[in-house]
Amino acid sequence: MRREGRRVLVAGGAGFLGSHLCDALLARGDAVLCVDDFSTGSRGNIAHLDAHPRFDLLRHDVTLPLSVEVDEIYNLACPASPLHYQRNPVQTTRTAVLGALNLLDLAGRRGVKILQASSSEIYGDPTRHPQDEGYNGNVNPIGPRACYSEGLRCAETLFFDHHRQGGLRIRIARIFNTYGPRMHPDDGRVVSSFVARALRGEPVTLFGGGTQTRSFCYVGDLVEGLLRLMDAPDEVTGPVNLGDPREVTIREIAELACHLAGSTAPLEHRPLPQDDPMQRCPDITRARALLGWEPRTTLEEGMARTVASFRQVLGNA
Ligand code: NAD
């Protein structure tokens, strides 16, 4: 849908998901204000937008108040990979909580809609499979992942309290594992690590035989889900799970990465680490019913695009 003259704020717009969201908004005719402190994002992710007449960039830390003129707000400003969010856990909680507060205040002052990118991590170590939005989760509040999961749980609380208290128009997306071009090659996540190692000709490491399953959503599908949620009628506040419910084994991902990268290095086997996260798989019944959304990209297509982009970034063309 093309909306004349609308200016959309994307906090975290220089990150993996945020940069794809900026592309999609610009492609449909919106103007975009990307706000980012470049802590985990990069200028490279948005370099192609530098000269775009409807794209503006503001270097800003969302833990500080912000006053800008915008018509819609997406909050994706938070480090997302465990390696990144555990590097400075206090700053992670600060970003999730104060960032949400500052952007909610801005949305309230301007009277505009605001969407929070939340995460499947708010379900913690789930005791219910697959996870639907009615499940309240099983989070260890003092564990090493809590800075992220509790931070985002608090952000969701702030969104709903602003909605109930001040009538703010809110949307909450609970995003499950997403992959694609512009993931950080060294962020320690499964797809990025496997692809980067395969392209470098290094052995891909499988823990515990690689029979554990995961579900991965291609970034293009995920961004389409975010747009649909924002555009949905105001009673659709969410939370809405966005993710790909098709489960694949870690071994399948490894083999596909090696095949597409043309790597002949053998797979390396290690024992399963104790803190290996439990399987998480989204129940997307709500997204299907309310947004008419479901992922369409096959793992083969998505991985092929990911490998091609990593090949360029790693200078391996
Ligand atoms: P990312 O790390 O690539 O992007 C986050 C962006 O936010 C980066 O550009 C970073 O520089 C910016 N940022 C961090 N702290 C900031 C601050 N204080 N002020 C301004 N900017 C700041 O991560 P991503 O994968 O693109 O994730 C984006 C959002 O989606 C996050 O909120 C994350 O919680 C959520 N999410 C992502 C996934 C996934 O699989 N990628 C899964 C669940 C949830």
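The values are calculated or read from the model by the stated rules, or taken from the named source; none is laboratory data. What you see is a predicted model; the values in this text were computed from it and never measured. Positions of Cβ are generated from backbone atoms using ideal geometry, with glycine treated the same way; all protein chains shown enter the neighbour counts. For the accessible areas, the whole protein counts, side chains as well, though only heavy atoms, and no ligand, DNA or RNA atoms are used. Shrake-Rupley method; radii C 1.70, N 1.55, O 1.52, S 1.80 Å.
Listed by position, the strands (runs of 3 or more DSSP E) inside segment 171-262 whose residues that are open to solvent by 10 Å² or more (accessible area, probe 1.4 Å) and within 19 Å of Y85 (Cβ to Cβ) number at least 3 form an empty set. Residues in segment 160-199 that are more than 9 Å from the ligand (Cβ to nearest atom), of a type in the set (A, V, I, L, M) and farther than 18 Å from T249 by Cβ: how many? Count: 5. Looking at segment 69-101, which of its residues are touching a strand residue (DSSP E or B) at 6+ places or on another chain (Cβ under 9 Å) and farther than 23 Å from F176 by Cβ? Within segment 69-101, E69, V70, D71, E72 qualify.
The test for being under 17 Å from T211 (Cβ atoms), of a type outside the set (A, V, I, L, M, F, W, C) and open to solvent by 20 Å² or more (accessible area, probe 1.4 Å) does not hold for E301. Sub-7 Å Cβ pairs linking a first residue in segment 218-230 that is hydroxyl-bearing (S, T, Y) to a second residue that is surrounded by 20 or more Cβ atoms within 10 Å (Cβ to Cβ) and part of a helix (DSSP H, G or I), at least 6 apart or interchain, are Y218/G302, ordered by first then second residue.
Number of residues in segment 279-310 that are closer than 25 Å to A198 by Cβ and free of Cβ contacts under 8 Å to residues at least 40 places away in the same chain equals 1.
Pairing residues of segment 106-132 that are under 15 Å from V8 (Cα atoms) with residues that are open to solvent by 20 Å² or more (accessible area, probe 1.4 Å) and among the aromatic types (F, W, Y), at Cβ distances under 6 Å and at least 6 apart in sequence or on separate chains, gives no pairs at all. Scanning segment 108-117 for residues that are part of a helix (DSSP H, G or I) and within 8 Å of the ligand (Cβ to nearest atom) yields a count of 0. Taking strands (runs of 3 or more DSSP E) as the structural unit, no element lying wholly within segment 11-107 holds at least 3 residues that are within 12 Å of the ligand (Cβ to nearest atom), open to solvent by less than 30 Å² (accessible area, probe 1.4 Å) and of a type in the set (D, E, K, R). Of the residues examined, R164 is one that is surrounded by fewer than 16 Cβ atoms within 10 Å (Cβ to Cβ), of a type in the set (K, R) and either under 28 Å from A287 (Cα atoms) or touching a strand residue (DSSP E or B) at 6+ places or on another chain (Cβ under 9 Å) (or both).
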